[in-house]
1. Which of (1) closer than 30 Å to GLY64 by Cβ; (2) open to solvent by less than 60 Å² (accessible area, probe 1.4 Å); (3) touching a helix residue (DSSP H, G or I) at 6+ places or on another chain (Cβ under 7 Å) is the odd one out, the single condition LEU170 does not satisfy?
2. Looking at (1) at pLDDT 95 or above; (2) surrounded by 15 or more Cβ atoms within 10 Å (Cβ to Cβ), which is the one condition that is false for ASP79?
3. Determine, yes or no, whether ALA235 is part of a loop (DSSP other than H, G, I, E, B), modelled with pLDDT under 85 and not hydroxyl-bearing (Ser, Thr, Tyr).
4. Report whether or not GLU311 is in a strand (DSSP E or B), open to solvent by 20 Å² or more (accessible area, probe 1.4 Å) and closer than 13 Å to VAL283 by Cα.
5. Any idea which residue in the stretch 109-144 is nearest to PRO183 (Cα to Cα), counting only those that are of a type outside the set (Val, Ile, Thr), open to solvent by 60 Å² or more (accessible area, probe 1.4 Å) and within 42 Å of the chain's Cα centre (by Cα)?
6. What are the residue pairs meeting all of these: first residue in the stretch 198-225, first residue over 19 Å from PRO183 (Cα atoms), second residue part of a loop (DSSP other than H, G, I, E, B) and at pLDDT 70 or above, Cβ atoms under 7 Å, and 6 or more apart or on different chains?
7. Against the condition more than 20 Å from SER92 (Cα to Cα), part of a helix (DSSP H, G or I) and open to solvent by 40 Å² or more (accessible area, probe 1.4 Å), how does LEU165 come out, does it pass?
Amino acid sequence: MAGWPRRLSSGTRARNTEGRHGCSGAALGGGAGRPSSAAGIGGACPAATATARIGADLTAVVTGTPSARLASLLDSVADRETSGTASVWRFSGGSVRRALDAGRSPEDITADLAAVASGPLPQPLSYLITDTARGHGRVRIAPASCVLHGDEPALLAEIAAHRKLSKLGLRQLAPTVLISRSPLDTTLAALRAEGYAPVAETAEGTVRIEKCRARRAAAAVPAPRSSGARNDGRAAAASKAKPSAALDPSVLATRLLAAPATTPEPAPFDGGAPFATGTEEIVAGWAKRLPYTDVRQLAHAIDTGQAITVEYVATSGNRTVRTLSRLELDPPYLEAWCHLRDAERVFTLSRIHGVMGAALG
């Protein structure tokens, strides 16, 4: 088979291997190109380079393989540009600043580079290290959530040293400036809780105007008022029916029929007596669907802070019966705590269609 390539003998392969690697079998310490010991390999391979040629063009050139210490040093203060038979690093303001950010001083950088340089350090590199170090750290950035400032250094020093305010993470930057690691609203509330009177500022530096909402006393819901003389008949019938929850409807009807009839009092706008209070007049002017007796009952509940039960029709037409307490009149609305929704609600007076005494358990 003349067309097929001739197989190489073992001797020829050994000679080719020696020619490619430049290391003979004798140099490696073994026969037929096989190494016999680590010592033989170490003697045949070149040693790592421990010095660099640093030039005035702010470059460092290392011929051959740099040692681990030399490569680590140059990587920390310069940017590697090429690798191979010769490796090149370039110094810049950014690379020197990176070393300074890592906590190294300019004196340490200069000393370490001088120790690995094959000659004296070039003047341009020394100037670069000095100039970069001169501007490094002149401006500092501190983490903070808000800033406290004022015109009285003694007051700011007192706040910074206050033990109960230590949880805010206060730090004094200047005699009249503190920073806090806590959010603005948290810091504001903590200072006010300790008796100080700070004000909040907007991002533009103006005083933030806080909207004050009226706070209602967290008192227990008062007991429902008893019916007046004008409602004696209805109250008597209700008191007789209350003890029995499972009263027979026929018995209840008999008792209601037996109760004395009540005559509605004339309303002031129908020629009757004038309104007893200003609240009655306001409620009557907005709650057009209520009879005068219901107007008086609702006005009395508003004035005395007592609970009341109303029949309310929402804008959707849904009709509900709600027990209300903590009443506050704000025509044409009535603000109150709704026991049905267990939340504060705003009701339109004109949508209240009926009023009755509250029955709170």
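The values are calculated or read from the model by the stated rules, or taken from the named source; none is laboratory data. Just so it is clear, the structure is predicted and the values come from calculations on it, not from any experiment. No Cβ is skipped: glycine too gets one built from the backbone with ideal geometry, and neighbour counts run over all protein chains shown. SASA here: full protein model, heavy atoms, side chains in, ligands and nucleic acids out. Shrake-Rupley method; radii C 1.70, N 1.55, O 1.52, S 1.80 Å.
1. Here LEU170 meets the rest and fails (1).
2. For ASP79, the failing item is (2).
3. The answer is no for ALA235.
4. Against the criterion (in a strand (DSSP E or B), open to solvent by 20 Å² or more (accessible area, probe 1.4 Å) and closer than 13 Å to VAL283 by Cα), GLU311 does not qualify.
5. Here the answer is PRO143.
6. VAL221/ALA307; PRO222/GLY305; PRO222/GLN306; PRO222/ALA307; PRO224/GLN306; PRO224/ALA307; PRO224/ALA358; ARG225/GLN306
7. So LEU165 fails the test.
One line per residue, one yes/no per condition, for (1) assigned to a strand (DSSP E or B); (2) of a type in the set (Lys, Arg); (3) modelled with pLDDT of 75 or more:
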| residue | (1), (2), (3) |
| --- | --- |
| LEU173 | yes, no, yes |
| THR187 | no, no, yes |
| GLU210 | no, no, yes |
| ARG216 | no, yes, no |
| VAL221 | no, no, no |
